[in-house]
Amino acid sequence: MSATERAVAVYDTRVMRSNPLLNPFALGLVLCSVACSGADDDENQPPGETAANWELVVDADWTLEAGTEGYTCARATIHDDIYIGGFRAIAPLGTHHTLLTVMPPGQGGTEPDETFECNAATIGVNMIFGAGVGTNELEFPEGVAVKLPAGSRLLLNLHLFNTSLEELGGLSGTEVKVIEPEDVVHEAEIILAGKISGLVVEPGVTTQTGSCSMSHDVNVFAVFPHMHQMGNHLKATAMPTEADPTVLVDAPYDFEDQLYYPVNPPLELLEGDPVEVECQYDNRTREAVSFGDSSLSEMCFVGLYRYPKRSDDGFICTSGGGTRPTLDGPPCAEVGAPGNEVGIGRHCTGTGNECTDGTFCLAEFTDGEYGNFCTTICSDDGACGAGASCAGDSQKACIPDECAAPTSSSSP
């Protein structure tokens, strides 16, 4: 895997932008579609109509041709502070994953709140929720909430997958359980722990292992296993330095029934304590399958909801802490370079909100001078526009033709 690939993989699931959840750095990973499962008295409630203290914050109408997959996104501006004590997804048939990210106040751009076509790279700075097929409703412990400040902009990324012989459509979105500010004791966040770099699922039954070391002292209160269709078992184990190992989840995995598991009481972990993630697959094809956002690719993640929040960490944590690759080489883009017709090669600094929808600044996910340009993940040259090529093996990104390939002095 090249240095650029590793950087893109970090971004991919940051959604899973190659993700889902992610996303998503996509970029993953950033997470796959969900069927909302509310309380018994809500079972017959139409999508978009919420019970007491559940509110619809963002949704999107979509259609997809038979036998295809694609992405639909929607933006929504938050006008008043909101404290969220739970999430549930609206995910009709065809919703492969739901990834909800947020841009902080002042960083959300000027585009209108609307539904639009997008790709795996279209995500915000911080992930707040991800869901897959069959995901259950998630409620936080008392006093714990995700805060959305006024002026924040939500970005809903829907990965859609139509396996039928007819056109498919629906309304997908996210509802949140709103709690009062005075009831909040701890502000929460979610990270994705697991493996990106080197994830290759060979034919037969195999296991891939990743890890994530805690960036600060935290309390983990919910976990969310996420793989794709070849995944059949996931185990996540916390390895505290001052206590015995604690298994967070050890369960069969079903792509059609992707669940959140509460950790009650929340598990205390110290800075540096690792969480190890073991993903087992049953690949019944004759070909190896690599990491990617498509249902036909694979992932190995466990989402960890935890508190307190530390906003400067990002939301992807792999291989013992999510170390950023260093790309050695001269800057790719000249200062002020506008990029091509789709924004590839535009000069950027990695400070945020510099690239157009569907592209990201490589400098946001790498160290070194090389990555000062806007790019996106790709499968062929057609996604890259004029004067750029789709480069890489299992993870590909658009690279301007005038840029020499970088070398790497470190990688996650």
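The values are calculated or read from the model by the stated rules, or taken from the named source; none is laboratory data. All of these numbers come straight from a predicted model, not from anything done at the bench. Glycine also receives a Cβ, built like all others from the backbone with ideal geometry; neighbour counts cover every protein chain displayed.
Which of the residues that make up the stretch 225-259 are closer than 16 Å to V205 by Cα and either among the hydroxyl-bearing types (S, T, Y) or not assigned by TED's automatic domain parsing to the domain that holds L296 (or both)?
Y253 - this is the single residue of the stretch 225-259 that is closer than 16 Å to V205 by Cα and either among the hydroxyl-bearing types (S, T, Y) or not assigned by TED's automatic domain parsing to the domain that holds L296 (or both).
Out of everything in the stretch 145-160 that is buried (at least 22 other Cβ atoms within 10 Å of the Cβ) and more than 17 Å from G85 (Cα to Cα), what residue ends up being farthest from the chain's Cα centre (by Cα)?
Ranking the candidates gives S152 first.
Taking the stated definitions as given, is S164 surrounded by fewer than 18 Cβ atoms within 10 Å (Cβ to Cβ) and either in the same structural domain as T63 (by TED's automatic domain parsing) or among the polar types (S, T, N, Q) (or both)?
Yes, satisfied.
D313 passes all but one of (1) modelled with pLDDT of 80 or more; (2) in the same structural domain as P265 (by TED's automatic domain parsing); (3) of a type outside the set (V, I, T); which number fails?
(1)
Please count how many residues of the stretch 181-201 are assigned to a loop (DSSP other than H, G, I, E, B), within 16 Å of the chain's Cα centre (by Cα) and surrounded by 22 or more Cβ atoms within 10 Å (Cβ to Cβ).
Matching residues across the stretch 181-201 total 1.
Only residues that are closer than 15 Å to L192 by Cβ and part of a loop (DSSP other than H, G, I, E, B): list them for the stretch 202-236, please.
Once the filter is applied, which keeps residues that are closer than 15 Å to L192 by Cβ and part of a loop (DSSP other than H, G, I, E, B), the stretch 202-236 yields M214, S215, M227, H228.
Tell me, which residue of the stretch 99-134 that is touching a strand residue (DSSP E or B) at 6+ places or on another chain (Cβ under 7 Å) and farther than 26 Å from V342 by Cβ is surrounded by the most Cβ atoms within 10 Å (Cβ to Cβ)?
Checking each candidate, the answer is G130.
Are any of the residues in the stretch 330-338 in a strand (DSSP E or B), out of contact with any helix residue (DSSP H, G or I) (no Cβ under 6 Å at 6 or more places or on another chain), modelled with pLDDT of 90 or more and of a type in the set (A, V, I, L, M)?
The answer is no; no qualifying residue exists.
What are the residues in the stretch 104-124 that are closer than 30 Å to Q229 by Cβ, touching a Lys or Arg at 6+ places or on another chain (Cβ under 9 Å) and assigned to a loop (DSSP other than H, G, I, E, B), if any?
Scanning the stretch 104-124 gives N119, A120, A121, T122, I123, G124.
Is at least one residue of the stretch 160-180 within 18 Å of E298 (Cβ to Cβ) and not basic (K, R)?
The answer is yes, given that some residue of the stretch 160-180 is within 18 Å of E298 (Cβ to Cβ) and not basic (K, R).
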